[in-house]
1. Looking at the range 11-108, which trypsin sites (Lys or Arg not before Pro) are DSSP coil and have at most 13 other C-beta atoms within 10 Å of their C-beta?
2. List the chymotrypsin sites (Phe, Trp or Tyr not before Pro) within the range 54-148 that fall in a DSSP loop (any state other than H, G, I, E or B) and whose Cβ has at most 13 other Cβ atoms within 10 Å.
3. Mind telling me which of PRO149, PRO187, PRO238 comes out most flexible in a GNM of the chain, alpha-carbon contacts under 10 Å?
4. Working from Cα positions, state the angle (0 to 90°, nearest 10) between the long axis of helix 219-229 and the longest principal axis of the chain.
5. Based on DSSP H runs of at least 4 residues, each adding -39500 (n - 2.57), what is the mean residue ellipticity at 222 nm of the chain after dividing by all its residues, to the nearest 500 deg cm²/dmol?
6. Which residues' amide hydrogens lie under 5 Å from the amide hydrogen of ILE288, considering only partners 5 or more residues apart or on another chain, with H built in the peptide plane?
7. Name the trypsin sites (Lys or Arg not before Pro) in the range 226-298 that are in a loop by DSSP and that have at most 15 other C-beta atoms within 10 Å, would you?
8. Take HIS158, HIS4, HIS45 and order them by how many other Cβ atoms sit within 10 Å, fewest up front.
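Coordinate-derived values only; no laboratory data. Quantities reported herein were computed from a predicted structural model and do not represent experimental measurements. Cβ atoms come from the backbone with ideal geometry, glycine included; neighbour counts cover every protein chain shown.
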Amino acid sequence: MDAHRLKAIYRVTFVGFAVNLVLAAGKLAAGLAGRSGAMVADAVHSFSDLATDVVVAAFAKLSAKPKDEGHDYGHGKYETLATILVSLALAAVGAGILVSSIRGIRTVVDGGILPRPGAVALAAAVVSIVAKELLYRYTVREGRRIGSPSVVANAWHHRSDALSSLGTLVGIGCAYFLGEKWRIADPIAALVVAVFIFKIAFDLIRTGLDELMERSLPPDLEREILRLVALDPEVHDPHNLRTRRIGASIAVEVHVRMDGAMSVARSHEITEQMERRLRDRFGDGTMIAIHVEPLRAQ
C-alpha cells in the first residue's frame, strides 16, 4: 500500500472517529435527559462505530507492510480481515437492537406503558441522521476512490447508524406526538432497522470470506483481463487464467502462446507491455505472473 493511500485511510477514519465521538456523547446525554431508551441504544450503536474506526486504522497499517520473507504476496489480507471484523460488529449491533425492540414490543403487549421521550431526544435523532448520512457519503466515496474494502465496510456501518437513528426518530416522534398507544412504534421501527443492518452485515461478511477463500474475480473482470492480455497481435490463446483479490489489490496468473522462434528479448518486451496494460487498468499494486509457451504449429 502506498503512503498516499494509507494517509487517505487514516484521514477518513479520523474524521469518522471524531464525528462518532461527538454524536455518541451527545445522543447518550439526550437519551438520559429525554428518558428515551431508544436514544440510549442509538448512542451505544454510535459508540460501536468508534471501535470499528480503531479496527480499520490499525489493520490499514498492518496491510501497508511490504512483502517479506514469510509473505510473498504482502499483507493485504489484513484489510480483508478488518472488513470481516467490522461486519461482525455490524451483526452484533443488529442483534442488540433486535433484542431491545422485541423486549419493548412485549412490554406493550403485556399491558405495560413505555415512557414518553423528551423533545431533546427527538432533536438528537434528527441531528444524528443528517450527520451520519453525510459521514457515510464521504466515507464510501473515499473508500471507493482509494479501493479500500475496509473503509467501504466502515462507511456502511455509518449508514447503519443513520438507519438506526431514523427508526429511533419514527418511534420517538410517534411516542411524543401521538400518545401512549403509539409508543409501540419505537420498538417496531427498531425491529425493521435491525433487519436492514443484518442484510448489510451479511453482504459484507460474504465479500470478505470470498477474498479469504481465494474466490476468483467476477467473470466480467476476467474477460477484461483476457482482452487486455491479447491486445498484441503476437500474443495468442491466453489460457489457464487464475485471479484473486488480496486486500485492495488483485493477483493475475495467465498462460499465453507466442511464436516459438521469437527471441527471448522480444518475448520479454511483449510481456512487459501486457503487465503495463493490466496495471494501468487495475492499479500499480496488481500482482502479475505471465507464463509464455511456444505457439503450436497449425
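1. Here the sparse-neighbourhood loop sites are LYS67.
2. TYR73
3. PRO238
4. 30 degrees
5. Computed mean residue ellipticity for the chain: -24500 deg cm²/dmol.
6. Sorted by chain and number, the residues that satisfy this are VAL252.
7. Here the trypsin sites (Lys or Arg not before Pro) that fit, given the DSSP loop and packing criteria, are ARG296.
8. Exposure proxy ranking, most exposed first: HIS4, HIS158, HIS45.
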